[in-house]
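Written below as structure tokens is the structure these notes are about.
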Amino acid sequence: MTINNPETIESVKTFASTTAPKYDATYTASGNEFTSFNQVNSIAIQGGSTSTESVLGLTMLATSLQEAASTASSTSGAPLVLLSRYADATYDGSKSNQIVVTGSTNLIDANYIATTSPYAWTASHSFSASTTLSGATTTIGYLSITNDDILANGLSLRLPSQITASSTSLMADANGKLIFDTPQTPELLTTTTATGSVTTIGASGLANRSHYTIILSTRGKTTSNAMELRFNGDQGNNYNYRNYEDYKLTGNSRNAGQISPENVGTTTPQFFKMEITNVSSLGKQIYWNGNASTTILTGAGEWTNSTNALSAIQFHGGGGSFLINSKLWIYASRD
């Protein structure tokens, strides 16, 4: 075969891989000419369609920066696809722009979630395991707790499902736990102070409670008449009482028109503390102790009304007046 002469080759000619036939310059073949690899590759790409969700075609591989920026396509318009080398189920702090995937547990690595970033929780969240909030200040606008026991700084705080009493307070129980309960101390219902000399000192419209405690402190009276105690304005013969001075019986009366805490009156300042039961279907029992200077005044009595609850308490001067700044306190049990 002569290289420089035109010839027709009808047998197989084998070229060594190191001396493959090629054009001596960039050439675009036509007709039935041999084409170069570059020409074939260019024709294959130019002829391919751009891929879509429904069409098989050309794509380009996205860089990690393009992936992080959600870049949709290359400058040539080819769609960008993600590479598996940018995906990892295990967090690696040395890498950036990683694609987060679930591992064999079908959960993402918890280290992918930043714990130092602030979050605004706007939906309902349920925490079923022990949860520790260790920030310097944690502000909770609304917290719903289904368990009745909260541990705060090592102290148990027990919350009832509902608080029914209007005067419930937070207090420690016998086991040292904080609970909302009704205090055992009486509630102050009202006070009355004489702004001048008054013939009567008292209060009405009292809340219906099972027990009352009354404190009366007089600055003296204008006369030495014995004071009188009545309930609900009742002036009928519906009272029984006994009174004592220095523990000696000085007065004993049944079906009287009042209760007399003292048998003989005085103009000396006096102090009394009285305990009264209040059950509407029973007579109202009363017990008192007090003093006028060094004289000890004690006694017991009953308002025999077994129909009405006690709603008003009046102390009368017995013909005289209580002096200015005499004062009455009325306390009640927290039913």
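Below is a table of values for the structure above.
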quantity: Separation in nanometres of the label points that stand 7 Å from Cα toward Cβ, at Thr295 and Phe15; calculated: 14.4 nm
quantity: Helix axis angle, 37-47 relative to the chain longest principal axis, alpha carbon, degrees; calculated: 50 degrees
quantity: Thr115-Leu58 FRET efficiency (beta carbon distance; Förster radius 51 Å; 0.05 resolution); calculated: 0.75
quantity: Segment Tyr142-Val100, extension gain: residue separation times 0.36 nm, minus the distance between their alpha carbons; calculated: 11.8 nm
quantity: In range of the label at Ile324: residues from segment 180-219 whose backbone nitrogen is under 12 Å from the point 7 Å along Cα→Cβ; calculated: 194-198
quantity: Euclidean distance of C-alpha centroids, segment 302-335 and segment 63-100, integer Å; calculated: 86 Å
quantity: Calculated FRET efficiency for the pair Leu151/Asn41, C-beta based, R₀ 56 Å, to 0.05; calculated: 0.20
quantity: Simple label model, 7 Å out from Cα along Cβ direction - Leu188 to Thr168, nm; calculated: 2.5 nm
quantity: Reachable lysines, given that their alpha-carbon falls under 24 Å from the alpha-carbon of Lys221 and they are not under 8 places away in the same chain; calculated: Lys248, Lys273, Lys327
quantity: Ascending count of other beta-carbon atoms within 10 Å, so fewest first, for His316, His211; calculated: His211, His316
quantity: Cα-centre dipole for the chain with unit charges at Cβ (Lys and Arg positive, Asp and Glu negative), debye to 20; calculated: 1800 debye
quantity: Which of Trp288, Trp121, Trp303 has the fewest Cβ neighbours within 10 Å, and the rest in rising order; calculated: Trp121, Trp288, Trp303
quantity: Dmax and Rg, reported as Rg then Dmax, of the chain (C-alpha, Å); calculated: 50.2, 161
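Bear in mind that the values in this text are calculations on the coordinates, not laboratory data. Note that the structure is predicted; figures quoted are calculated from it, not measured. Quick reminder, even Gly has a Cβ in these numbers, built from the backbone with ideal geometry, and neighbours come from all protein chains shown.
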